[in-house]
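The values are calculated or read from the model by the stated rules, or taken from the named source; none is laboratory data. The shown structure was predicted, so the numbers you read here are calculated from the model rather than taken from an experiment. Here the Cβ positions follow ideal geometry from the backbone for every residue, glycine too, while neighbour counts run over all protein chains shown. In case anyone asks, the SASA skips ligands and DNA or RNA and just uses the protein heavy atoms, side chains included. Shrake-Rupley method; radii C 1.70, N 1.55, O 1.52, S 1.80 Å.
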Amino acid sequence: MKKYLLLTILSISVLIANSQSLNFGIEFMQRNNKLSGTQSYLSDANYNNAYFHVMDRTNDTLGVNFNRFKVSNNFELPLYLRYKFKKRFTVDINFSTSKYNITLDGTSNYNERFFTTSGYYLTQDEFVQGGYGDSTQYTSYLTTNKNNEESEVEYIEKFKLTTLGTNISYSFSPHKLIRPYVFAGLGYRSKSKQYSYDEIDVRSKWLLNKQYLSDGVVKFAKNSYQFRFGGGVETYRFRAGFSWDYNFNGEYTILNDSKKNVYQKTGKTPYENLSSFSFFISADLLTKNLSAKKQLNTNTDVLSIDKLELKKNRHQFGIRMQKVGASKVNDYDYAKKPLTFVNANYAFQGENYTKDSVTSRAYIQSISFRGISLVDFSPKFEGFYKLTFFKKFEWESSLGWQRLTVDMKTRESDESYIYTSQNYSNGDYYETYTPDYNKCRVFSGAYRSQYGIINIDQAINYTIIEDDFIKLKASAGLSFNYFSKELIGRTTDKNSNSLDLSRTIDDVYISNSELTTEKSENTYVTTDDINVDFKPLYEYYYEYASNTEVYETESDYNTKLNANNKFSVWKSKYSTNDYITTFRFGLDAEIDRFSFGINYEKSLGKGDGLIIKDFSRLNFSISYILYRK
């Protein structure tokens, strides 16, 4: 044990002896990404090897495959700490976050058994005996039907990756003004737990329940690794270059068992690797010369300097950018107890509204909240003022702004039924609800809301460590966050705020007001666990007083249809607020005019009553003192 300890001390001593400087800086990186996969086309031979299968409304199995893979390019701002040796080597540690959008395109279709035995198409015997042609023409008939049933598939996944990596570089011609260099490195990448959006569109006329389709796609790995290799040139405190980056597949979330109407047989990911060709420019913001000799000061010198600095820097004005590294936003436990909004409208067809015959069409939309799936804090920009007192203490006041985007995961339905009732003279009575399949869909979606947040912070800072290079400060304070809810209208993401019912939720949410039948006719809210899986929704929404009612008017008819005790006018049972108070504490490293900080922030008190109950987050910041006196 002593030998290992001695070896470690000697290694560190050699490292320090050969060190030249420690640099902190920022990099501007443009990634040109490429997503690669194996193109796979559905046929009877490989039908069982489709990426996943789904059961349609006729209980037939539809296979889904992907054959086109796309990923968006992205821009990153990595921060790095670079350790430069006296020789030609440098080692740096870097940290960055970036957003990725992946799009997979493909096709879906059935196997040949569907076309020959399902009853929707003619068998070969029926085709020949019916005089439509011979066996050769039947083959052509099957091919035409297969082409007609083939439908396009599009899958979109959006996520955020946080990368922590290290690079080792080697410089050529170290004594020249412009020096070429090469580098290689490894990085660990973590997929954000609360920045996710996925949407799949399978355009098959037989597929109505689409809410679990995205579960069939193997998602991007939660944890993965990146290898980098590149080069460039450096001069003074600047570097410019390029790199080839390859992302190793980590573990993937695989759907091993059947879930609802979606299941996998292979558990394979559609894409095999993610790579990028990147261009970057970096700049050292701060440099610490580790080989310079430290000048010793006497106690009298230190006392004089302290008094001078206290007087000189009593007032400071500056700007700060703060970025959320990790966050957790909680809703009102909708994953366990969903909240469902329902809108039902009716239109009469025919002229007789009496007990003898009624024909009408019902349009029903529902949005069921199932828990927060996406949280995106934009960088916060703020200005601050600091007042120094008692040498080591500071009072800090700041004003800032940022934007927050939240997706509430939803199960949604947009359905149309034709209702018919008939009384016969012999006393017989019947009523039917017939779904209009061309106008029905059940799917997973998102209710997206945005907030403009104005922050007023008050904090106390205390200097823990102070030397000629750095000051380390502890801070604690309160932040008053005013939330301005913003209507964002139709989004570019499919199935986000896509139903008209979303506008009604907007109205209630923005105004924090009660939902009433006067405000939004035929819209209701229930906490019943309605599993929106195309179980006919009229089972939940219609109750009739008697089979022999006479409906004198259309208004009277609607009134009786709405007499359902499960639904009522609604106002959130939770107190609502337009602001949230937060408490934060953290550390700041101040180097000359720059300051680099990390803090933890936790909300206090009430939430907004519908979406956000409380939140916590880990923040990273960089600030610059513009003026001090």
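Can you pull out the residues in the stretch 149-175 that are part of a strand (DSSP E or B) and among the acidic types (D, E)? Walk me through how you get there before you give the answer.
Step one: of the stretch 149-175, the residues part of a strand (DSSP E or B) are 151-171.
Across the stretch 149-175, the qualifying residues are E152, E154, E157.
Here is a list: D245, D257. Which entry is more than 22 Å from the chain's Cα centre (by Cα) and modelled with pLDDT under 80?
Working: D245 fails: modelled with pLDDT under 80.
Step by step, each of D245, D257 is checked, and only D257 is more than 22 Å from the chain's Cα centre (by Cα) and modelled with pLDDT under 80.
Any residue in the stretch 176-195 that is in a loop (DSSP other than H, G, I, E, B) sitting within a Cβ distance under 7 Å of a residue that is not acidic (D, E)? List the pairs, counting only those 6 or more apart or interchain.
L177/T235; I178/V233; I178/T235
Take K146 and tell me if it is assigned to a helix (DSSP H, G or I), modelled with pLDDT of 85 or more, under 30 Å from I102 (Cβ atoms) and out of contact with any helix residue (DSSP H, G or I) (no Cβ under 6 Å at 6 or more places or on another chain). Walk me through it before giving the result.
Details: assigned to a helix (DSSP H, G or I): yes; modelled with pLDDT of 85 or more: yes; under 30 Å from I102 (Cβ atoms): yes; out of contact with any helix residue (DSSP H, G or I) (no Cβ under 6 Å at 6 or more places or on another chain): yes.
Against the criterion (assigned to a helix (DSSP H, G or I), modelled with pLDDT of 85 or more, under 30 Å from I102 (Cβ atoms) and out of contact with any helix residue (DSSP H, G or I) (no Cβ under 6 Å at 6 or more places or on another chain)), K146 qualifies.
Looking at the stretch 461-483, which of its residues are of a type in the set (V, I, T) and surrounded by 13 or more Cβ atoms within 10 Å (Cβ to Cβ)?
Here is the first cut: in the stretch 461-483, the ones of a type in the set (V, I, T) are 463-465, 470.
Listed by number, the residues that qualify are T463, I470.
Taking into account only those residues within the stretch 72-83 that are open to solvent by less than 40 Å² (accessible area, probe 1.4 Å) and not in a strand (DSSP E or B), which is nearest to E234 (Cα to Cα)?
Within the stretch 72-83, the first condition is being open to solvent by less than 40 Å² (accessible area, probe 1.4 Å), and the residues that meet it are 72, 74, 76, 78, 80, 82.
Imposing the further condition that a residue be not in a strand (DSSP E or B) reduces the set to 72, 78.
Numbers: S72: 29, P78: 17 Å.
Only one residue tops the list, namely P78.
If I ask for residues that are at pLDDT below 85 and hydrophobic (A, V, I, L, M, F, W, C), which ones from the stretch 301-325 would you list?
Of everything in the stretch 301-325, those that are at pLDDT below 85 and hydrophobic (A, V, I, L, M, F, W, C) turn out to be V302, L303, I305, L308, L310.
Could you tell me how many of the residues in the stretch 84-123 are among the basic types (K, R) and either in a helix (DSSP H, G or I) or at positive phi (or both)?
1
Quick one: A50 ticks every box in (1) open to solvent by less than 10 Å² (accessible area, probe 1.4 Å); (2) modelled with pLDDT of 85 or more bar one, so which box is it?
(2)
Go through the stretch 433-460 and give me each residue that's open to solvent by 70 Å² or more (accessible area, probe 1.4 Å), over 22 Å from G371 (Cβ atoms) and within 28 Å of the chain's Cα centre (by Cα). Spell out how you get there, then give the answer.
Step one: filter the stretch 433-460 for residues open to solvent by 70 Å² or more (accessible area, probe 1.4 Å), giving 434, 437-439, 441, 454, 456, 460.
When the remaining residues are screened for being over 22 Å from G371 (Cβ atoms), the result is 434, 437-439, 454, 456, 460.
If the condition is that a residue be open to solvent by 70 Å² or more (accessible area, probe 1.4 Å), over 22 Å from G371 (Cβ atoms) and within 28 Å of the chain's Cα centre (by Cα), then I454, I456 are the ones that fit.
For the stretch 151-186, which positions are among the hydroxyl-bearing types (S, T, Y), open to solvent by less than 40 Å² (accessible area, probe 1.4 Å) and more than 36 Å from the chain's Cα centre (by Cα)?
Across the stretch 151-186, the qualifying residues are S171, Y181.
Condition first: of a type outside the set (S, T, Y) and at pLDDT 85 or above. Can you find one or more residues in the stretch 412-430 that meet it? Show your work before the answer.
Within the stretch 412-430, the first condition is being of a type outside the set (S, T, Y), and the residues that meet it are 412, 414-415, 418, 422-423, 426-428.
Now restrict to residues that are at pLDDT 85 or above: 412.
Yes, the stretch 412-430 contains a residue that is of a type outside the set (S, T, Y) and at pLDDT 85 or above.
In the stretch 566-613, what count of residues is obtained for those that are of a type in the set (D, E, K, R), modelled with pLDDT of 90 or more and open to solvent by less than 60 Å² (accessible area, probe 1.4 Å)? Working first, answer last.
Initially, the stretch 566-613 is screened for residues of a type in the set (D, E, K, R), giving 566, 571, 573, 578, 584, 588, 590, 592-593, 601-602, 606, 608, 613.
Adding the requirement that they be modelled with pLDDT of 90 or more leaves 584, 588, 601-602.
Filter once more, keeping what is open to solvent by less than 60 Å² (accessible area, probe 1.4 Å): 584, 588, 601.
Residues flagged as of a type in the set (D, E, K, R), modelled with pLDDT of 90 or more and open to solvent by less than 60 Å² (accessible area, probe 1.4 Å) within the stretch 566-613 amount to 3.
Can you find, within the stretch 260-298, the residue that is modelled with the lowest pLDDT among those that are of a type in the set (G, A, S) and within 18 Å of N33 (Cα to Cα)? Write out each step before concluding.
As a first pass, look at the stretch 260-298 and keep what is of a type in the set (G, A, S): 267, 275-276, 278, 282-283, 291-292.
The next check asks that each one be within 18 Å of N33 (Cα to Cα); those that pass are 275-276, 278.
Working: S275: 90, S276: 93, S278: 94.
Within the stretch 260-298, the match that is modelled with the lowest pLDDT is S275.
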